[in-house]
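Some notes on the structure that comes next.
The values are calculated or read from the model by the stated rules, or taken from the named source; none is laboratory data. This one's a predicted model, so the numbers in the text were calculated from it and none came from an experiment. No Cβ is skipped: glycine too gets one built from the backbone with ideal geometry, and neighbour counts run over all protein chains shown.
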Amino acid sequence: MILRKMASFLLCATALACGRAEAKCEVTRAVTLHVVVEGNQILIPGKLGGETVKFLFDTSFPASVVMGPTAKRLGLSLLDFGSGAPRFYSEHKTVGAAIAPEFDLDGHAIHHALFAMFGERDSFGAPDVVAVLGNDFWRQFDVEVDLAKREIGLLRSSGCDGLSLAYWTDGYNVLDTHTSNYQSRFTTELNGHELTTILDSGSPFSTLTRRAALAAGALGAEIAADVWHPDMQATDLLSLTALTYGLGTRNRPSADIHFGGTLESPYNPVTRQTVANFGSLQLDQETIKPARFRITPTPKTRPEVGSRLGVEYFDFDAVLGVDFLLAHHVLIANSQDKLYFSYSGGPALQTISK
């Protein structure tokens with residue numbers, strides 16, 4: 001997707017938050033998007049196919065996604081993956097791509113949008129949540145998330161290597177990130193155990209894999225998680241990966257995923273999640289204590305032919321979701337491979353939506 005025709009203004013024409021004019025660090029704000037938070041989903045208003053809709057803000061899933069029935073209803077051009085040939089929609093499961101020559105995102109025109117098309121439902125939650133805007137769109141910017149103001153800022157920076165981009169505060173934390181399986185990862189510590197962690201704005205709640213939970217050791221017994229979306233398409237990273245047949249993973253597994261030897265299709269994370277308390281979660285200088293996580297099964301692909309062993313294709317341990325973003329001012333600095341954040345108030349980790 002290409003972001004065009006947006007008025008830019010200069011945040012800083014010298015060094016940002018460090019006073020070093022010789023650095024010539026420049027940061028421009030392309031646009032500020034206004035969002036709503038409903039059921040721990042971050043949603044951006046707009047229009048697609050002439051219809052007033054909402055887009056789900058997702059910083060970790062590698063592609064933007066629309067459901068098959070919705071793509072047809074909105075009159076999007078449908079294509080087969082690979083061949084690029086037109087695809088005729090049927091009532092059976094549709095897998096392909098959908099093209100929107102232009103759509104509106106909070107009053108701004110987005111041109112040449114390509115969506116992956118999967119699934120048979122009509123939405124990703126409420127009826128007007130018709131599409132996921134994934135990291136194929138967001139990674140072209142440094143992305144500022146300030147949910148206290150219900151704003152997402154899209155920034156461009158240059159000449160800022162080695163300088164802080166956390167312009168809003170002196171009391172910030174920062175973590176180095178690296179990319180694997182098309183997602184940015186960083187290291188945190190839970191009860192002294194290192195975790196490979198992802199920030200996922202598509203996941204309503206922060207979660208741990210069962211593997212990581214066993215290594216860190218929970219405090220006390222686990223309890224069953226509330227069922228908050230039993231009839232909707234879940235938008236956490238595992239569920240979107242299952243929906244899209246492993247889109248964005250190295251081995252491109254099928255939608256059938258094993259959890260501890262049990263075949264699950266489709267994957268419903270809520271009914272299989274529990275909640276557990278842990279001593280503390282350390283993120284740079286910030287300590288969240290106690291740390292309360294939802295626990296998800298450790299996913300594996302189906303076994304290879306001739307083998308009874310599934311392949312673990314998710315190489316992360318923890319996901320920080322919308323609950324974390326609600327309590328922090330965050331800047332995903334893709335230009336620096338860094339994550340800046342500061343605590344802004346409220347519970348840092350939730351287990352039920354507000």
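For this structure, a couple of remarks:
- Scanning segment 84-102 turns up at least one residue that is assigned to a loop (DSSP other than H, G, I, E, B), surrounded by 18 or more Cβ atoms within 10 Å (Cβ to Cβ), in contact with a Leu (Cβ under 8 Å, 6 or more places away or on another chain) and at pLDDT below 90.
- Boolean, residue 330 is under 27 Å from residue 215 (Cα atoms), at pLDDT 80 or above and within 16 Å of the chain's Cα centre (by Cα): no
- Residue selected from segment 288-327 under the condition among the acidic types (Asp, Glu) and under 23 Å from residue 178 (Cβ atoms), by the criterion modelled with the highest pLDDT: 317
- Selection of segment 186-237 for residues being at pLDDT 90 or above and of a type in the set (Asp, Glu) yields 189, 194, 200.
- Flag for residue 33 being modelled with pLDDT of 90 or more and under 21 Å from residue 145 (Cα atoms): yes
- Candidates in segment 106-161 are the residues that are of a type in the set (D, E, K, R) and in a strand (DSSP E or B); of these, the one that is farthest from residue 184 (Cα to Cα) is 151.
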